[in-house]
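Only one structure is covered here, and it is reproduced in the block below.
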Amino acid sequence: MVVAGKETGSFRSWQVKILTATWLSYAGYYFCRKAFYVVKSALSDSLALNAIDLAQLGTAYLVFYMVGQYSSAFFGRKLGPKRLLLVGMGISIVCNVIFGISNSFWTIALFLALNGLAQGTGWPGCIGSLAYWFKRKQRGSVLGVWSTCYQLGSVAATSFAAFMLGQMGWRWSFFGASMVLLVIWFIVLFLHPNRPEDVGHELIVDEEDKDQPTDENSSLGWDANVIKTILTMGIIYFCIKFLRYALWSWAPFFLNKNFQLAGDEAGYLSTVFDLAGFAGVIFAGFASDRLFKGKRALITFLMLTAMAASFFIMYYRGATSLFYFTVSMGFAGFMLYGPDSIISGVGAIDVGSKRGALVAAGIINGTGSIGPIFQEQIIGWLYEKNHHDLTPIFFVLVAVAGVSALLTFYLWLKSRSGQSNL
């Protein structure tokens, strides 16, 4: 058994490898996820789809993405994180090839649903992998840096899809995404061990883990407070993912339709959200370790409160001003992504324990993934109902952001009274 703080040089080498493999894996998932959102406007023109049709397609993906998150909490314990990731990436590659050759609404809807199941394996698989390789006092900083995979991955995937759209048309946005993820599939195959024992190392054990059983099939040992905390984190993540996917899914579309940017230009400008989030997630990770000593609820509350303020700016001026829309989108990205990574990543490990990290991540992400389903339908309907006016849509974003801040304040109070380990 490796005691916290006593890792060997060989173990640290494997830590680097596991970070590299999982970082590339989750960044790679985004190439086969974001292409659809970037080409929405071109797809609507090519196949004569309106905003409600596009919302239905997005919903097909998001419903099964939620199912994939929950099912990964079960199958991940059976398969192990490496096999879970390889299966998920493989299916997603095939789905994106099929998108590129499709001309039918129903074909795209069917394979978007299958792609959602596959994409749902990514986060639980990666968090389940990382949980065994880093002790608690490292996790905030390490996962803060690691979590840049879904900012930089999103930026790279969005920019790549926009480039392919501008150069070769929307079909090649999908074909190119499949090629990128296929390369990463082979990297994970050769670089990623399931657990430390598979490469001759024993587990790192933190003080709070010493009395817990090591059998993967034994009870997780969660008491009522742990369960309540995980469920509350899931609801908070519902709000966060509602907001994140609202901008991912619709910002390029709004920039094209409401602000008259070209399709590729709209895709490039929408990356402001993720680029600002890159800085936010690193800030939150290091601050939660070094300023808040591993107690992450307070910084999460403060950042979500500031995020709500940024969406108010978007509501107040962003519907008619490209400048204010872009600035508020960037500010929202910085304040959203830090809490996003804490709640779904390091927080899932801290609250659920190492053995329960994959399950906790699956539950939190599964519950959170219901949020994007609602936003897709609500925003598509509001856009058509209000004759393309963005103001009612931005009001909804403000309200959801406010709810997330209030729920995180509740978790902070629970943490101060010793009822939560966040």
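Nothing in this text is a laboratory measurement; each read-out follows from the coordinates by a stated rule. In this text the structure is predicted, and so the values were computed from the model without any measurement. With ideal geometry, Cβ positions are generated from the backbone for all residues, glycine too; neighbour counts draw on all protein chains shown.
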Note the angle between two axes, namely the Cα long axis of helix 170-191 and the longest principal axis of the Cα atoms of the chain, as a number of degrees from 0 to 90, rounded to the nearest 10.
10
Could you put 107, 408, 229, 148 in order, starting from the residue whose Cβ has the fewest other Cβ atoms within 10 Å?
107, 148, 229, 408
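Structure shown: which of 34/295; 40/385; 40/228; 135/228; 40/241 lie over 30 Å apart, alpha-carbon to alpha-carbon? Walk me through the numbers before you get to the answer.
Numbers: 34/295 33 Å; 40/385 19 Å; 40/228 38 Å; 135/228 24 Å; 40/241 19 Å.
34/295; 40/228, as the Cα separations exceed 30 Å there.
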Under the helix-only model (-39500 (n - 2.57) for each DSSP H run of 4 or more, divided by the residues of the chain), the mean residue ellipticity at 222 nm, to 500 deg cm²/dmol, is -26500 deg cm²/dmol
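Taking neighbour counts of Cβ atoms within 10 Å as a proxy for exposure, in what order, fewest first, do 155, 281 appear?
Values: 155 23, 281 29.
Final ranking by Cβ density, sparse to dense: 155, 281.
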Label point distance in nm, residue 87-residue 45, each placed 7 Å from Cα along Cα→Cβ
4.1
On a C-alpha basis, how far is the centre of the stretch 55-124 from the centre of the stretch 367-414 in Å? Whole number, if you could?
24
Rounded to the nearest 0.05, FRET efficiency between residue 104 and residue 13 (Cβ-Cβ, R0 35 Å) equals 0.10
Computed over the chain: longest principal axis from alpha-carbon atoms vs helix 136-146 long axis, angle to nearest 10 degrees, is 30
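Work out the FRET efficiency for residue 190 and residue 94 from their Cβ-Cβ distance, taking R0 = 25 Å, and round it to the nearest 0.05. Please list the in-between numbers first.
Numbers: r = 21 Å, r/R0 = 0.83.
My answer for the efficiency is 0.75.
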What is the distance, in nm, between label points placed 7 Å from the Cα along the Cα-to-Cβ direction at residue 53 and at residue 391?
3.0
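Report the relative contact order of the chain, percent, no decimals, based on alpha-carbon pairs under 8 angstrom and at least 6 residues apart. Numbers along the way, then the final one.
Details: 760 pairs, mean separation 110.8, N = 422.
So the answer I get is 26 percent.
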By per-residue mean of other Cβ atoms within 10 Å, what is the highest-first order of 183-191, 74-82, 370-378?
370-378, 74-82, 183-191
In degrees rounded to 10, the 0-90 angle between helix 347-368 Cα long axis and the longest Cα principal axis of the chain is 20
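As a footprinting exposure proxy, order 290, 33 by other Cβ within 10 Å, with the fewest listed first.
Numbers: 290 11, 33 26.
Starting with the residue having the fewest Cβ neighbours, the order is 290, 33.
Between residue 259 and residue 67, what FRET efficiency follows from the Cβ-Cβ distance if R0 is 35 Å, with the result rounded to 0.05? Provide the component values of the computation, followed by the final result.
Numbers: r = 35 Å, r/R0 = 1.00.
That pair, residue 259 with residue 67, gives E of 0.50.
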Percent of Cα-Cα distances greater than 35 Å, calculated over the chain:
23
